[in-house]
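Below: the structure, in structure tokens.
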Amino acid sequence: LATMPLFPSHRAYHGYWRGGEAALVLAVVAGGGVAVAAPPAASACWDGDFTFTRCCLAEAAPMDCWSGAFTRERCCLTHPVLSDAVVKAVSGADDHWMCGCGLQDLWKGGSDEWDWCAVRRSTMLSWDISPMYSKFVYLDERALAACPMGALLFMVAATVSKTTQGVPPSSMPALLWADELVSLLLANTGAGTWLEKWTGSGWNVFLMLSHVRQHAAFAGKSEGDSCGGAEGREFRGYAGEMVAGGAPVPLPVSSALLAVLGGGSCAQGDARVSPCCAPRALALMAMADAVGIQGRAEDRKAYLKLAGDTLAASMGSKGTALISMLRSTWPIVDAMDRLFQVPEVELSVSDAVRRALHRQPASFIEQSGPLERFKMRIFPRREIVSDMVRYARLPFCGMRPFMSLVDIIATSAGKRGCRSGVDGGCSFSFVEGGPHIGDCTLWAVAALDVVGLYPFAAGYEPLPDASTLFRESVQANNWEGKVVVVPRALAAKDDEKVTMAYFPGHNGEGTTVRASSEAHCGQNCAGYEQIPTVTLDSSWPALRPAPMDMLKLSVNGEELNSLRGARALLSRRQVCSTVLHVLKAQRGWADAAPKQPSEPAAAEAKSLPSRVHAFATELWELLSSIGGMEVSLHLGIDHTNQVRKTDTRPRPSTRQLHSPAELDEVFSGQAAAHDFLVARQVGLAQGAPCADSLALR
């Protein structure tokens, strides 16, 4: 050791003295030349330029990786493989689950620098991570140690790739690394809490692990095949449906399996550990899923802890925790994927103001504690809106002008003081067409309610599963008298039937078949048949015989039909304001466009004066001529990086439109996610239906 500085700076010598190796030599010397202790906690192979990813995962490992005792077999395919930096990162603290990724700057633009939080965003939203992999394999060990859970994601992705190629598990370095890290996580996390922390961390590797479990050629199967008898077979059937995205396992079925499983303890360290710990753990995970879907958050947490304790006991010797899960005939990793899809979240009014509207919330709202928080039910499976809510912990409300108006109204009411049902001007009513699972409505009702305003909202949601979740959220917040969920499609006529279509996993973007569904999801459409329709003219007066402060439409191409069904309300000036997405209304505009003319007809059309699209003409008539509204195009600030760089229109900006032709130009031109049409009554005489509407102040 004393001669180390005298060695020439040569790869062979540098390789011999990699970090960790000297410590092992010292241990051997101190122990009289015989190393009989437990295997080292970290690999001696990795230090400096020598990294696991570069040497073991790169398609063509650099020649300088291997010399002397440092061989691929020893460093990549034999425990231990984790570097000292990674071991210390997991063992020394409990912040490795989130990798420092908070809730701020969720949508910041990309950069050339490696960003673990951008990786986490991609996995939570089911985006493609393959473009990042080529950079990942050349990260140094310090970068891997900065986010072990992110590194685990790529290791599992590499394992999936090798599994697809038919490579045996014993020849997969990435699987060995992942196996060792998971074992380390179990050993260094508080009893039982590892399962809750992992499934709630956002680093969702479980779907990929499910693929590996089903397709990798593991040698033999794990214990527990014969556990449970008839109750076990019944449970397996229900569990299969659960992990495939179906209904939760009925609680009595899980309880029955637990009741018949006998033999020994499932406590860690107990020599009598039962061979049926894995199915016991799965039954407890199924119970956690079931009570979570029922909204019993504390019970879910308790069952997850029990499952974590039980599962850890069934993992076998240190270093094989993940392999044990993958070899199990019980769908453990599949159930973990299900548990990742948390069915209920609690959101904050002031947090949404700060992070979505980028303004400071009123102090009296922020300081109101539990009163400014509300519960929201989301899909316990992959679905674009639910994924966004789980990731951002924000309502997925893309209509920022609506949120801004509600915040201004709530702040003003809070300053002057309101007593619901007593003071005049202390109520606000609105309709949301196409609320999906109710993000915008729930947030708005919470914001108005916390300052003493009386909100009344009607949400018209045609998708049965979405409207069911919306109604459950209303019930969870005890808002039955403030929010009405109407499970029908807004339309021009009552009691007709429409077919809803959407791309699987994107039912938040559902639209009627007649509104550009073919262009939207083509041959991949899924959906519901025979959804009944309803008009605002027939339903709103029955719900609330008073003016509607705001009509918010997010109906993916059915905006014109919805307004046709509100013609009587508009003519009586009972709709005070309206806001809709330009991009979504464009679907209806495109659907109503005349078919492409033949070449002679097209040439003749060029010589004639341009005609305004009938869609724009009728929409203008309903809003302006009949509804008495001023119509404007509002371009919102792009805080979510959804506007193309080629779109150079100034933001924020609002431009009043003066004719059907100008409206038609809006639909025929470029449009972005933050473009809105805003219509509002102006110049009202005293005593007019909307004269006192808070939406117009």
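The values are calculated or read from the model by the stated rules, or taken from the named source; none is laboratory data. This is a predicted model, so every value here is computed, not measured. Cβ: placed from backbone, ideal geometry, glycine included. Neighbour counts: every protein chain shown. Remember, those area values only see protein heavy atoms, side chains included, never the ligands or the DNA or RNA. Shrake-Rupley method; radii C 1.70, N 1.55, O 1.52, S 1.80 Å.
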Hits in region 153-198 - residues which are more than 26 Å from the chain's Cα centre (by Cα) and either surrounded by fewer than 18 Cβ atoms within 10 Å (Cβ to Cβ) or at positive phi (or both) = 164, 165, 166, 167, 168, 170, 171, 187, 188, 190, 191
With respect to residue 614, determine if the residue is more than 36 Å from the chain's Cα centre (by Cα), surrounded by fewer than 11 Cβ atoms within 10 Å (Cβ to Cβ), small (Gly, Ala, Ser) and modelled with pLDDT under 95.
-> no
In region 124-152, which residues are open to solvent by 20 Å² or more (accessible area, probe 1.4 Å) and not aliphatic (A, V, I, L, M)?
-> 126, 127, 128, 130, 131, 133, 134, 135, 138, 140, 142
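Quick grid of which residues meet (1) modelled with pLDDT under 65; (2) closer than 26 Å to residue 400 by Cα; (3) among the β-branched types (Val, Ile, Thr):
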position	(1), (2), (3)
566	no, yes, no
569	no, yes, no
572	no, no, no
588	no, yes, no
592	no, no, no
597	yes, no, no
607	yes, no, no
Quick one: residue 682 ticks every box in (1) among the hydrophobic types (A, V, I, L, M, F, W, C); (2) farther than 20 Å from residue 554 by Cα; (3) crowded, with 16+ Cβ neighbours inside 10 Å bar one, so which box is it?
-> (3)
Tally time: how many residues in region 65-94 are modelled with pLDDT of 85 or more, out of contact with any strand residue (DSSP E or B) (no Cβ under 9 Å at 6 or more places or on another chain) and not in a helix (DSSP H, G or I)?
-> 11
Residue 304 is checked against (1) touching a residue at least 40 places away in the same chain (Cβ under 8 Å); (2) within 30 Å of residue 638 (Cβ to Cβ); (3) open to solvent by less than 30 Å² (accessible area, probe 1.4 Å) and fails just one. What number does that condition carry?
-> (2)
Select the helices (runs of 4 or more DSSP H) contained entirely in region 286-354, then report the ones holding at least 3 residues which are among the small types (Gly, Ala, Ser).
-> 297-313
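Residue-by-condition table, conditions (1) at pLDDT below 95; (2) touching a Cys at 6+ places or on another chain (Cβ under 8 Å):
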{"position": "431", "(1), (2)": "no, no"}
{"position": "444", "(1), (2)": "no, no"}
{"position": "454", "(1), (2)": "yes, yes"}
{"position": "459", "(1), (2)": "no, no"}
{"position": "463", "(1), (2)": "yes, no"}
{"position": "478", "(1), (2)": "no, no"}
{"position": "487", "(1), (2)": "no, no"}
State which residue pairs qualify: first residue farther than 16 Å from residue 400 by Cβ and inside region 352-368, second residue modelled with pLDDT under 90 and outside any helix (DSSP H, G or I) in any location, beta carbons under 9 Å apart, and separation of 6 or more residues or different chains.
-> none
Meets criteria (modelled with pLDDT under 90, over 28 Å from residue 156 (Cα atoms) and more than 28 Å from the chain's Cα centre (by Cα)) for residue 226 | yes
Out of the residues in region 647-697 that are among the polar types (S, T, N, Q) and over 38 Å from the mean Cα position of the chain (by Cα), which is farthest from residue 548 (Cα to Cα)?
-> 659
Can you give me the number of residues within region 199-209 that are open to solvent by 10 Å² or more (accessible area, probe 1.4 Å) and in a helix (DSSP H, G or I)?
-> 2
If you take the residues of region 462-476 that are over 17 Å from the mean Cα position of the chain (by Cα) and small (Gly, Ala, Ser), which of them is farthest from residue 490 (Cα to Cα)?
-> 476
Which condition breaks for residue 153 when tested against (1) part of a helix (DSSP H, G or I); (2) over 20 Å from residue 96 (Cα atoms)?
-> (2)
Quick one: how many residues across region 357-367 are part of a helix (DSSP H, G or I) and open to solvent by 10 Å² or more (accessible area, probe 1.4 Å)?
-> 3
So is residue 97 open to solvent by 30 Å² or more (accessible area, probe 1.4 Å) and either at pLDDT 90 or above or aromatic (Phe, Trp, Tyr) (or both) or not?
-> no
Restricting attention to region 373-408, and to residues there that are open to solvent by 10 Å² or more (accessible area, probe 1.4 Å), outside any helix (DSSP H, G or I) and not charged (D, E, K, R), which single residue is nearest to residue 203 (Cα to Cα)?
-> 380
For region 266-283, the count of residues that are open to solvent by less than 20 Å² (accessible area, probe 1.4 Å) and either at pLDDT 90 or above or in a helix (DSSP H, G or I) (or both) equals 6
Those residues of region 442-484 which are of a type in the set (Asp, Glu) and either in contact (Cβ under 8 Å) with a residue 40 or more places away in the chain or open to solvent by 20 Å² or more (accessible area, probe 1.4 Å) (or both), in sequence order | 449, 465, 472, 480
